[in-house]
């Protein structure tokens, strides 16, 4: 069935649909182009912003490094100096430890020698005391004085039973003074020569009483 112009209604409808599609296509293409241009602009602005950021970051890094370059060099020099000082101190500590070990060995050797000398001094002291006791025995003096006293007693008994003239009396007085003077000399000689205590115990006491200022220092 056709209308008064001779068009088929179905064909007319199809034609109208095709024209609508064409019109929509024409309208969509300009929108997509605008969106693409906007996207491109956004991309360009983003790249420009990123480039500015990268440039700014590099400038800031450069400025900061320049600003702190002197301080960094100072700190590096200080670190180098401290490392050198620490190395020197470690070397000094090693040297002192070796010295202390050497001194400990020397002290051990001196103590060993001291013990040997102590035993030797004890032996000499014992020998000296035995010698002194032999020659400085009070009994030796006492025996001689007892003999003298017995002679005088015997002489006193003898003269008491006889008669004597004045010359004998004068002679006896002279001998009395002489004998008295000699006995006084004996007493003075004993007082002038006291026996010293040279025992090992006494020697240790004498060492302990020595002032600290006289100690031998290494």
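Just so you know, all these numbers are worked out from the coordinates, no wet-lab data involved. Everything numeric here is computed off the predicted structure, so don't read it as measured data.
Tell me, in nm to one decimal, what length is gained between residue 124 and residue 84 on full extension, where the rule is 0.36 nm per residue of separation less the Cα-Cα distance?
8.6 nm
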- Note on the structure: Inter-part gap, Cα centre of region 102-142 to Cα centre of region 153-179, in whole angstrom, is 52
- Message: For region 138-194, compute Rg over Rh where Rg is the Cα radius of gyration and Rh is the Kirkwood radius from the inverse mean 1/r over Cα pairs.
- Response: 1.09
- Message: Run the numbers for residue 175 and residue 43: contour at 0.36 nm per residue of separation, minus the present Cα-Cα distance, in nm.
- Response: 32.5 nm
